[in-house]
Amino acid sequence: PAVESFCMLVSLQKTEQQALERKAQEEGIEGYAIYALDEFGVRIPVENDNNILYPIYYTATPMAGEIGPGFDVGSIPAFREALENAARTGFATAAIPVWDEIKDTVDKRISIYYPLYDKNDSGEHLLRGFVATTVRIDLLLQRALATVAENTGYVSVEMYQLVANEPPVPIASAAPKEGIRQIPSGWLESFGVKELSLNRSMSLFSHTYVLM
């Protein structure tokens, strides 16, 4: 499936950490503790400058590696930026992939965060947390392509994320594993065109993407 993970994050102050950990354990989440991961994937205490944590509280799907309930998603800078943008705008926001970590567009995933609010006695909206999901964009493109293209063997779709003052970020590629086949001779000419291509920009998850 295109959706690989689905979980709920809590937004809280560092001073509220112990209270949330006790609450989680009382609700049956055994051994719940908020943590970050170092460069070797080892659990470490969370440290940040603004003392706001975004730990995973509940997950509806298995998570990869050491990431699970208690992991502070905000400990990853790119994810924290997306969370803060979502909290500020109230819209679903995707994290921008780190350029240096992109090797290809196979198995590419993006993380999407949707803010959840509550009201206090004064009617003021208070941020409670986020619904978070991880999506395999290449699988999503393949599925969408299969619904609109009668023969996908002649079609390739590339998706990029546009970032100001940066090269386009490759997000996903949907093409047949055996490669794109040549369009039959004379087929395009019968429609009065020599080549068939399409660039389509779209605003999605608080960013701009382009399909080619």
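The local environment of residue 86, defined by Cβ-Cβ distances under 13 Å, has a net charge of +1 under the rule Lys, Arg +1 and Asp, Glu -1. At the residue level, residue 109 shows approximately 100 square angstrom of accessible surface with a 1.4 angstrom probe and all protein chains present.
Charge tally for residue 68 (other residues, Cβ to Cβ under 15 Å; Lys, Arg +1; Asp, Glu -1): -4. Among 116, 9, the sequence by solvent-accessible area, most first, with a 1.4 Å probe is 116, 9.
Sorted by accessible area (1.4 Å probe), largest first, how do 143, 43 line up?
The ordering from most to least exposed comes out as 143, 43.
Of the chymotrypsin sites (Phe, Trp or Tyr not before Pro) found in region 1-75, those that fall in a DSSP loop while having at most 12 other beta-carbon atoms within 10 Å are 40. Only protein heavy atoms count here; on that basis, with a 1.4 Å probe, residue 119 has an accessible area of about 120 Å². With just the Cα atoms defining each centre, how far is region 156-173 from region 1-52? Give it in Å. If you average the Cα positions of each part, the centres end up 31 Å apart. Other residues with beta-carbon under 9 Å from the beta-carbon of residue 134 carry, at +1 per Lys or Arg and -1 per Asp or Glu, a net charge of +1.
The values are calculated or read from the model by the stated rules, or taken from the named source; none is laboratory data. Since the structure is predicted, the reported quantities are computational estimates derived from the model, not experimental observations. Ideal geometry is used to build each Cβ from the backbone, glycine not excepted, and the neighbour counts take in all protein chains shown. Quick note on the areas: whole protein, heavy atoms, side chains included, nothing else; ligands and nucleic acids left out. Shrake-Rupley method; radii C 1.70, N 1.55, O 1.52, S 1.80 Å.
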